[in-house]
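Single-structure report; data block below.
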Amino acid sequence: MIKEGIVDILFAGNALATHDIESALYGTSLGTCVKTGEAVRRGHRHHIYAINEINKAGSIKDAIDKGVLKKGIMYECIQNDVPYVLAGSIRDDGPLPDVITDVIEAQEEMRKYVQDVDMVIMISTMLHSIATGNLLPSHVKSICVDINPATVTKLSDRGSAQVVGIVTDVGTFLPMLYNELKTEQ
């Protein structure tokens, strides 16, 4: 979807970027093989190895330029000039050098992008969905997709009443959305 120009901006955190990079470099997510679902011996270290590889390179873009990172969400954002804001948390491993660890600075960066959006899809990240919902003007069409119904409820409870909630597995939702968007073009 990023490659095809469907995504204009990505808001996420250290976790999305780290797991994406871990998957691209090692084929695992938190040490579990993404293809088979089996635990990989010593795979629990892969997310830290992924962070270290990006730190060694200097940034995600530098890792791409040096040929370290060759695929994934973050790769596609950089290759397709899709801006991203990675907002940090006190719980983050690392974090990656691209992560904005000052929450006020992260909010300010996010505010630069939300003023011109007309639709937002918030996918599987409760904290970032709530943060994004709190920054959006009420006229922006907003959809929250999460397997946890509490995410949608919390968005509404915190003043984002315009959000339409879809409770489903994102792994099922994204391919369906992509296929639907392709047929409309």
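Since every read-out is calculated from the coordinates, none of them should be taken as a lab result. Predicted model, so just to flag it, every value in this text is computed and none were measured. Please note: Cβ atoms are built from the backbone with ideal geometry, for glycine as well, and neighbour counts cover all protein chains shown.
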If we sort 34-46, 130-142 on the protection proxy, mean other Cβ atoms within 10 Å, highest first, what's the order?
130-142, 34-46
per DSSP, antiparallel bridges as share of beta bridges in the chain, % nearest 5, sits at 15
Working from Cα positions, state the angle (0 to 90°, nearest 10) between the long axis of helix 126-135 and the longest principal axis of the chain.
50
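With Cβ to Cβ distances under 14 Å as the rule, what net charge do the other residues near THR18 carry (K, R +1; D, E -1)?
That sum, taken over residues with Cβ under 14 Å, equals -4.
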How far is helix 103-114 tilted, in degrees, relative to the longest principal axis of the Cα atoms in the chain, given as a value from 0 to 90 rounded to the nearest 10?
60
Tally Lys/Arg at +1 and Asp/Glu at -1 over every other residue whose Cβ is under 10 Å from the Cβ of GLY72; what's the total?
-1
Going down the list LYS154/LYS182; LYS141/LYS182; LYS71/LYS141; LYS35/LYS154, which pairs span over 22 Å between their C-alpha atoms?
LYS154/LYS182; LYS71/LYS141; LYS35/LYS154
